[in-house]
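Novice: Please read through the structure below; I'll follow up with questions.
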Amino acid sequence: MAKYLIEQGVSFTAAIRKVIPDLEAIKSICEVNKSIVKRELQKDVSILEYIALNRSDVNDIIKYLAEQGANLNAVDSCGCYLLQTNFHMPD
């Protein structure tokens with residue numbers, strides 16, 4: 001599916017948002033887009049914002065995106081950290 005989305009011209013961000021919460025699909029999209037993943041995750045925080053506002057129980061996804069270079073210090077338009085309410089450290 002990842003390769004198909006990219007071949008159809010879907011942006012990296014849109015492709016990731018389409019497959020959330022499927023971690024394996026997210027990994028596949030990142031693998032197909034290896035050359036731009038870190039840059040995209042650092043400049044475009046909308047993926048993290050989408051996760052923070054619309055999903056729960058996404059620790060594995062956030063951890064994976066952080067490993068790929070996502071900006072975990074990203075803030076929304078009000079200056080609130082995007083992940084402060086949805087990311088929970090395991091016991």
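The values are calculated or read from the model by the stated rules, or taken from the named source; none is laboratory data. Just so it is clear, the structure is predicted and the values come from calculations on it, not from any experiment. As a convention, Cβ positions derive from the backbone with ideal geometry for all residues, glycine included, and neighbour counts pool all protein chains shown.
Novice: Quick check on my filter: what residues within the stretch 59-91 are at pLDDT 80 or above and of a type in the set (A, V, I, L, M)?
Specialist: Scanning the stretch 59-91 gives Ile61, Ile62, Leu65, Ala66, Ala70, Leu72, Ala74, Val75.
Novice: Could you check how many residues of the stretch 54-79 are surrounded by 17 or more Cβ atoms within 10 Å (Cβ to Cβ) and over 16 Å from Gln42 (Cβ atoms)?
Specialist: Matching residues across the stretch 54-79 total 2.
Novice: Same structure, new question: Could you grab the pairs with beta carbons closer than 8 Å, sequence gap of 6+ or different chains, first residue in the stretch 10-29 and within 16 Å of Asp60 (Cα to Cα), second one crowded, with 17+ Cβ neighbours inside 10 Å and of a type in the set (Phe, Trp, Tyr)?
Specialist: Ile29/Phe12
Novice: Before we move on, is Val45 in contact with a strand residue (DSSP E or B) (Cβ under 7 Å, 6 or more places away or on another chain) and farther than 21 Å from Tyr4 by Cα?
Specialist: So Val45 does not fit the description; no.
Novice: Mind counting the residues in the stretch 30-64 that are among the aliphatic types (A, V, I, L, M) and in contact (Cβ under 8 Å) with a residue 40 or more places away in the chain? Please lay out each step first, then the result.
Specialist: Here is the first cut: in the stretch 30-64, the ones among the aliphatic types (A, V, I, L, M) are 32, 36-37, 41, 45, 47-48, 51-53, 58, 61-62.
This time we only want the ones that are in contact (Cβ under 8 Å) with a residue 40 or more places away in the chain, so: 61.
Residues flagged as among the aliphatic types (A, V, I, L, M) and in contact (Cβ under 8 Å) with a residue 40 or more places away in the chain within the stretch 30-64 amount to 1.
Novice: Answer yes or no as to whether Glu49 is surrounded by 14 or more Cβ atoms within 10 Å (Cβ to Cβ), under 22 Å from Ile36 (Cβ atoms) and either modelled with pLDDT under 80 or among the charged types (D, E, K, R) (or both).
Specialist: On the way: surrounded by 14 or more Cβ atoms within 10 Å (Cβ to Cβ): yes; under 22 Å from Ile36 (Cβ atoms): yes; either modelled with pLDDT under 80 or among the charged types (D, E, K, R) (or both): yes.
When the stated conditions are applied, Glu49 passes them.
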